[in-house]
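The block underneath contains the structure these notes are about, expressed in structure tokens.
The values are calculated or read from the model by the stated rules, or taken from the named source; none is laboratory data. Quantities reported herein were computed from a predicted structural model and do not represent experimental measurements. With ideal geometry, Cβ positions are generated from the backbone for all residues, glycine too; neighbour counts draw on all protein chains shown.
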Amino acid sequence: MSSSVDGLADRPGHALVGVVRMPASGGSPVRTITRRVLFALLALVVTVVVVYLGREGYRDANGAAQGLSLVDCLYYATVSLTATGYGDIVPVTTAARLVNVLVVTPIRVLFLILLVGTTLELLTERSRQSFKIQRWRSKVRDHVVVVGYGTKGRAAVVTLLGEGVEPSQIVVVDTTKAALEAAGSRGLVTVTGSGTRSDVLRVAGVPKARAIVVATNRDDTAVLVTLTARELAPKAQIVVSVREAENEHLLRQSGADQVVVSSETAGRLLGMATSTPSVVAMVEDLLTPDVGLAIAEREVEDGEVGGSPRHLSDIVLGVVRNGVLHRVDAPEADAIETGDRLLYVKKVTPA
């Protein structure tokens, strides 16, 4: 958990291409190719016009004494722009030259697009990724790092997005290619590597993050990730999911602020579903931030100070004071104080 072994966190942006993946800007490949073809056609038309206006200055080696026709100019432009040049076999009749213009040249251009264009696209994309990575690393702060993009990590990201967090403010760390591609399709920044390594977490910007979500599949991995993350970010909010309740104290000792025991939580919901399925449905509704009802937190308004949270129009569940949550029926929550935050049930209006 000390400094990185291979200096990954100290590498420049171009050396992190493949490790850090910035979200694609979006855009249809068909649209991109169509735009390139249109530009090529525009260049061809301009060249034909230029050659045709100055056609008296051109000579046809095959004996055309009256100057170049429009077809001759078109032929000259196509073989010039495609860098074909003149060989020992050249079309000399008008029909042959039309075939060369309408059939051979488009196939030649298509070949150039597929061969040279693809190579240039890869080089351009790598340069673009390097620039984006360098700019992102210089600006990223107060973001959320999600370590592990399995079922729990994806659900956490969906919740964050539902609460209004921008995709650019979420960084996913995982070792699985499919998981990283799924995260990238949501517009998230992804980092390839294990969250137990400090250099990987540094690349993900953990020292500047406001929160770290640890959603690994193994409890022992979660402990190592939490220890590493806490060392790098002493003030960040670290939330960890574990399978077994017996490991909860290890996570808290490792520096976790909140620990969610996934097996017990799921077990309680399963038990409740056998007798009170409507309660489970309501809990699911409250935990889903983008539809129906949701649990949220807000600041206290000036007119609410001194009053009882039970008398507000909102359904208040608790009062957060100095970082400590007091249930609405606790004596500490009898009167609202300046600086308090209210945990309440809000109605979510679909976008």
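Being part of a loop (DSSP other than H, G, I, E, B), touching a residue at least 12 places away in the same chain (Cβ under 8 Å) and of a type outside the set (Gly, Ala, Ser) is the filter here, so list the residues in region 323-347 that pass it.
Selection gives Val328, Asp334, Ile336, Glu337, Thr338, Asp340.
In the set Asp199, Asp174, Asp219, which member is acidic (Asp, Glu) and in contact with a Lys or Arg (Cβ under 6 Å, 6 or more places away or on another chain)?
Step by step, each of Asp199, Asp174, Asp219 is checked, and only Asp219 is acidic (Asp, Glu) and in contact with a Lys or Arg (Cβ under 6 Å, 6 or more places away or on another chain).
For region 216-224, state whether one or more residues are in contact with a Pro (Cβ under 9 Å, 6 or more places away or on another chain) and assigned to a helix (DSSP H, G or I). Before the answer, list the steps.
Within region 216-224, the first condition is being in contact with a Pro (Cβ under 9 Å, 6 or more places away or on another chain), and the residues that meet it are none.
No; the residues of region 216-224 include none that is in contact with a Pro (Cβ under 9 Å, 6 or more places away or on another chain) and assigned to a helix (DSSP H, G or I).
Out of everything in region 158-187 that is loosely packed, with under 14 Cβ neighbours inside 10 Å and modelled with pLDDT under 85, what residue ends up being nearest to the chain's Cα centre (by Cα)?
Going through the qualifying residues, I end up with Gly164.
Specify the residue that is surrounded by the fewest Cβ atoms within 10 Å (Cβ to Cβ); the eligible residues are those in region 253-292 that are charged (D, E, K, R) and within 20 Å of Val146 (Cβ to Cβ).
Asp290
Restricting the search to region 134-153, which residues are under 13 Å from the mean Cα position of the chain (by Cα) and either farther than 23 Å from Thr226 by Cβ or assigned to a helix (DSSP H, G or I) (or both)?
Selection gives Trp136 alone.
If Asp302 passes every condition in (1) without any contact (Cβ under 8 Å) to a residue 24 or more places away in the chain; (2) of a type in the set (Asp, Glu); (3) assigned by TED's automatic domain parsing to the domain that holds Val223 but one, which one does it miss?
Of the numbered conditions (1) without any contact (Cβ under 8 Å) to a residue 24 or more places away in the chain; (2) of a type in the set (Asp, Glu); (3) assigned by TED's automatic domain parsing to the domain that holds Val223, the odd one out for Asp302 is (3).
So Leu161 passes all but one of these: (1) within 25 Å of Arg197 (Cβ to Cβ); (2) assigned to a helix (DSSP H, G or I). Which condition number does it fail?
Every condition holds for Leu161 apart from (1).
Can you pull out every residue in region 164-193 that is in a strand (DSSP E or B), among the β-branched types (Val, Ile, Thr) and closer than 12 Å to Gly148 by Cα?
Within region 164-193, Val171, Val172, Val173, Thr190, Val191, Thr192 meet the criteria.
Can you report the number of residues in region 256-298 which are closer than 26 Å to Ala222 by Cα, among the acidic types (Asp, Glu) and in a helix (DSSP H, G or I)?
So the answer is 2.
Scan (1) under 22 Å from Gly153 (Cα atoms); (2) touching a strand residue (DSSP E or B) at 6+ places or on another chain (Cβ under 7 Å); (3) among the basic types (Lys, Arg) for the single condition Arg268 breaks and write down its number.
(2)
Considering only region 301-319, I want to know if a residue exists there that is surrounded by 14 or more Cβ atoms within 10 Å (Cβ to Cβ), among the acidic types (Asp, Glu) and outside any helix (DSSP H, G or I).
yes
Can you tell me which residue among Ser127, Ser138 is modelled with pLDDT of 75 or more, among the polar types (S, T, N, Q) and under 25 Å from Pro167 (Cα atoms)?
Working: Ser127 fails: modelled with pLDDT of 75 or more.
None of the other options fit; the residue is Ser138.
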